[in-house]
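Okay, structure first, notes after.
The values are calculated or read from the model by the stated rules, or taken from the named source; none is laboratory data. If you're wondering where the values come from, they're calculated on a predicted model, not measured in any experiment. A quick note on method: Cβ atoms are made from the backbone with ideal geometry, for glycine too, and the neighbour counts reach across all protein chains shown. Side chains included, ligands, DNA and RNA excluded: accessible areas come from the protein's heavy atoms. Shrake-Rupley method; radii C 1.70, N 1.55, O 1.52, S 1.80 Å.
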Amino acid sequence: DDDGIREEDIRAYFEQNGTIFLVCYDNGVFAGVASARVLLKPYGESWLYLDEADVPVNMRKQGAGSLMMKELFEIAREKGCVEVWVGTEKDNQVAQSFYESLQPTEVEEFVILLLSHAVVCLYCREK
């Protein structure tokens, strides 16, 4: 709990349908972690959405990140996903370079708005 991570939060994350969690080791040494979710869209398609990928600085450029992404792509194919979505911050050049090395079919710029402590009802209907 020193990192602000609580066991009940981890348990709830893993209990979600479609959750994928990869841990990578290189000869017994922790080399990275990736978490993703398979999301069913309202129009019937499934996408794999990468929540997080992290490789310790001392393990970068040794293949762990590429291996995890290759495994996630394979899982996405097995699950029938039509797209894999990956996002990173504009100022994270290391992550951008890594993801671009995976030869994406599209690179889009978009805006994400963080609405803290807000409840938004996009569609409400009384029965």
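Side notes on the structure shown:
- Against the main long axis of the alpha-carbon atoms of the chain, helix 64-78 sits at an angle near 40°.
- Taking all protein chains into account, the per residue accessible area for the stretch 67-117 stands at 87 Å² (1.4 Å probe).
- Percent carbon-and-sulfur accessible area, the stretch 8-119, ignoring ligands, DNA and RNA, probe 1.4 Å: 53
- Net charge in the neighbourhood of ILE20 (other residues with Cβ under 14 Å of its Cβ; Lys, Arg +1, Asp, Glu -1) is -2.
- Restricting the calculation to Cα atoms, every distinct pair contributes to the Kirkwood radius of the stretch 1-84, found to be 14.0 Å.
- Computed with a 1.4 Å probe over protein heavy atoms only, the accessible surface of the stretch 2-58 comes to 70 Å² per residue.
- Short-range pairs are left out: with C-alpha atoms under 8 Å and at least six residues apart, the relative contact order of the chain is 16 percent.
- Sequence-distant residues sharing a close amide H with GLU83 (under 5 Å, placed H): LEU48
- The chymotrypsin sites (Phe, Trp or Tyr not before Pro) found in the stretch 4-43 that occupy coil by DSSP, while having at most 10 further C-beta atoms within 10 Å, are TYR43.
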